[in-house]
Structures are given as structure tokens and as C-alpha cells.
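This report concerns only the one structure given below.
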Amino acid sequence: MCLAIPGKILSLTDAEPLERMGRVSFGGIIKEVSLAYVPEAKLGDYVIVHVGFAISTLDEAEANRVFEYLHQMDELGELMIESKSSIKNSDRESPEKSDSTAESAESAEFSL
């Protein structure tokens, strides 16, 4: 099942609109996210992220409600476990496989 998760923008790049990226915190897990679809998003805003792309903005109250629902469903714990296991698995791979493993782990982290 795919899921869009709210996150808070911690930093932004000053790139062209279609290349705009930001560091986004998802309850303590920080990821690089494309902000190309939300040109109105600014530092401190909350965005809904799906597969590594911010697809809309929302206010802090709504973001907190979604975090509470995810917490009740234990989805945030699963997010943290998945993120940690991706890191551990990539550390165990041989150097020849590290490039493809890193790419697949990055893809897996965003397909929530």
C-alpha cells in the first residue's frame, strides 16, 4: 500500500522551480524531497509527500492530526524500522553492489 506522509520543511535549495528540493522531517526522520509540485511551499511549512515528491501543502494542525492517526495505526514505527533496515542492509552489501543497492533502498524508503 502506498501512503502520502506529512512532513515539515527544514531547508530549501534555491534551484530552478522544477529542480527545487528540500530537507523534510517526518517525525524525526529527515529525507530529501522534491518540491517541484509545490512552488508556494516555504521554510517551516508542512507538505504531504508521496514517493519522494511533495504533492501539496497543509497547516500544522492537520499535519499533527495525520501524525496522530499514523501513530494510532503504528505506521510511524514501521516507517522508522524500514528506514533503519535499509541503512543496515546497504552497509552489509559488497562495494560492487553498493550503487544499485543504494538506489533501490532509496526507492523503497519513499514507496510508503
- prompt: In the stretch 29-43, which residues are more than 10 Å from the chain's Cα centre (by Cα) and touching a residue at least 24 places away in the same chain (Cβ under 8 Å)?
  reply: 35, 41, 42, 43
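Matching residues to (1) touching a Cys at 6+ places or on another chain (Cβ under 9 Å); (2) at pLDDT 50 or above; (3) over 14 Å from residue 9 (Cβ atoms); (4) assigned to a loop (DSSP other than H, G, I, E, B):
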| site | (1), (2), (3), (4) |
| --- | --- |
| 42 | no, yes, no, yes |
| 54 | no, yes, no, no |
| 81 | no, yes, yes, no |
| 106 | no, no, yes, no |
Extreme residue, nearest to residue 62 (Cα to Cα), among residues of the stretch 17-27 that are without any contact (Cβ under 8 Å) to a residue 24 or more places away in the chain and outside any strand (DSSP E or B): 20
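The values are calculated or read from the model by the stated rules, or taken from the named source; none is laboratory data. Keep in mind the model is a prediction, meaning the values are calculated, not measured. Counting neighbours? That spans all protein chains shown, and the Cβs are built from the backbone with ideal geometry, glycine included.
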